[in-house]
Amino acid sequence: MSNKLEDIVDQLREKGNKITSIRRAVLEILIKETKPLAAGDIIALLKRYQLEPHKTTVYRELDFLIDKQLIREVVFDDGQIRYEKFEPGHFHHLICLSCKKVDKIELSDDLDKEEKTIERKMRFKVKRHSLEFYGVCSKCNKR
């Protein structure tokens, strides 16, 4: 899946999906953003597009984009649901406990092997997993 907004919009249209101004703006925000955003953050950023949708509309758009596997939900230990663009691979997060900076990190394919072991041994079909690392970033560590 391309990370270019126009490519994604074209693919959605080709599949018969309507592209509303809100849908397009939410997609653009999440493609540009480097860290996961809460729905409230997305709603605030939509104002830059002169859009002030009801929060129910934003959640409906987020659900649509999740269903199309364009974005995914991320939940950190604070329990708040955040959203980020979907990327294939095993991307997880490094979260600084001091400055709250969030960085993505790609982990090896060994997690695929672990999921298959879980499925085989436990007869548990893994749909998704979450793995985050909490610590202190290099900038805060120097202080």
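No value in this document is a laboratory result; all are computed from the given coordinates. On a predicted model such as this, the values are computed, not experimentally measured, just so you know. We place every Cβ from the backbone using ideal geometry, glycine too, and count neighbours over all the protein chains shown.
Prolate is the label for the range 90-142, because a/c, from the alpha-carbon gyration tensor with a ≥ b ≥ c as root eigenvalues, is 1.5 or above and a/b exceeds b/c.
Neighbour counting of Cβ atoms within 10 Å sorts the residues Lys85, Lys4, fewest neighbours leading, into Lys4, Lys85.
As a rough footprinting exposure proxy, the listed residues Leu45, Leu27 were ranked by other beta carbons within 10 Å of their own, and the order from fewest upward is Leu45, Leu27.
Rounded to the nearest 500, the 222 nm mean residue ellipticity of the chain from helices alone is -12500 deg cm²/dmol, with -39,500 (n - 2.57) taken per DSSP H run of at least 4 residues.
Sequence-distant contacts, meaning Cα pairs under 8 Å at least 6 residues apart, place the relative contact order of the chain at 18 percent. With the simple model of a label 7 Å out from the Cα in the direction of the Cβ, Asp63 to Thr20 spans 1.2 nm. Just Glu115, Glu132, Glu28 to compare: in a GNM of the chain, with alpha carbon springs under 10 Å, which one fluctuates most? The residue with the greatest mean-square fluctuation here is Glu115. Measuring from a point 7 Å past the Cα of Gln11 along Cα-to-C-beta, which residues in the range 44-70 have an amide N at less than 15 Å? Within reach of a label on Gln11, which here means backbone N under 15 Å from a point 7 Å along Cα→Cβ, the range 44-70 contributes 65-70.
Compared with the direct C-alpha span, the chain from Leu111 to Gln50 gains 17.8 nm at full extension, assuming 0.36 nm per residue.
For Thr20, Thr34, the sequence from fewest to most other C-beta atoms within 10 Å is Thr34, Thr20. Springs between Cα atoms under 10 Å define the GNM used for the chain, and in it the highest mean-square fluctuation of Leu70, Leu30, Leu107 occurs at Leu107.
Pop out the Kirkwood hydrodynamic radius of the range 5-85 from its pairwise C-alpha distances, inverse of mean 1/r, in Å to one decimal.
Numbers: mean 1/r = 0.0780 Å⁻¹.
Taking the inverse mean of 1/r over all distinct Cα pairs, the range 5-85 comes out at 12.8 Å.
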